[in-house]
């Protein structure tokens, strides 16, 4: 029998995550946690079963969770949720699309989702609670620290280090062995050729 998982956040990113979870086939989705005003809503047929106030109770029954709240402008809400859920005893499985390629010589930490047609090559390390979105490429020996979102079609070349809480936009490209500081916001289509501490 498949284990059950609950999803935290019921917007557009949640719908994309549902598709990956269904395709992977390891978990049954027990329901979605969202804001109280969305109590009567559902996402792709999965009901909202509670709000943040219900998390401690829900995790006693459904300890497996995935944070499906998106991340563009700021990682703070995803980080807060992760820390709160950790204190409640939640488990954070790695979710990986069967359409993605993840090298067995790479490392992916808990709570991260690797979405359709993403590629993570040998020696790469991806931290906790990250989004590696559709068609993103994480090349050899790159390091993606905790709570990052590598967006659709982004290219992170070999040996690059992306700091904690950063957003790396759609179709952005980073030259090899560049370092990008914590909480950086890299816009879509950006070409990064030198070290940066933070995009203004």
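Nothing in this text is a laboratory measurement; each read-out follows from the coordinates by a stated rule. These numbers were taken from a predicted model, which means no experiment stands behind them. Note that each Cβ is placed from the backbone with ideal geometry, even for glycine, and that neighbours are counted across all protein chains shown.
Of all DSSP-defined beta bridges confined to the chain, some 5% are antiparallel rather than parallel. Based on the reciprocal of the average 1/r between different C-alpha atoms, the Kirkwood radius for region 94-200 equals 12.8 Å.
For the chain, dividing the convex hull volume of the Cα atoms by the residue count gives 106 Å³ per residue. What is the angle, in °, between the Cα long axis of helix 12-24 and the longest principal axis of the Cα atoms in the chain? Nearest 10 is fine, range 0 to 90. Helix 12-24 sits roughly 90 degrees off the main axis of the chain.
For region 104-150 versus region 1-54, the spacing of their alpha-carbon centroids is 22 Å.
Over region 3-87, the reciprocal of the mean inverse Cα-Cα separation, the Kirkwood hydrodynamic radius, stands at 12.9 Å.
With kT/(6 pi eta Rh) evaluated at 20 °C and eta = 1.002 mPa s, and Rh the Kirkwood radius from Cα pairs, region 19-137 diffuses with a coefficient of 141 µm²/s according to Stokes-Einstein. Estimated from helical segments only, the mean residue ellipticity of the chain at 222 nm is -5000 deg cm²/dmol, where each DSSP H run of four or more residues counts as -39500 (n - 2.57). The mean sequence distance of close C-alpha pairs (under 8 Å, at least 6 residues apart), as a share of the length of the chain, puts its relative contact order at 13 percent. How far is helix 76-87 tilted, in degrees, relative to the longest principal axis of the Cα atoms in the chain, given as a value from 0 to 90 rounded to the nearest 10? Taking the Cα atoms of the chain, the angle to 76-87 is about 60 degrees.
Measure off 7 Å from each Cα along the Cα-to-Cβ vector at residue 190 and residue 26, then give the distance between these two points in nanometres to one decimal. Taking the simple label geometry, residue 190 and residue 26 are separated by 3.1 nm.
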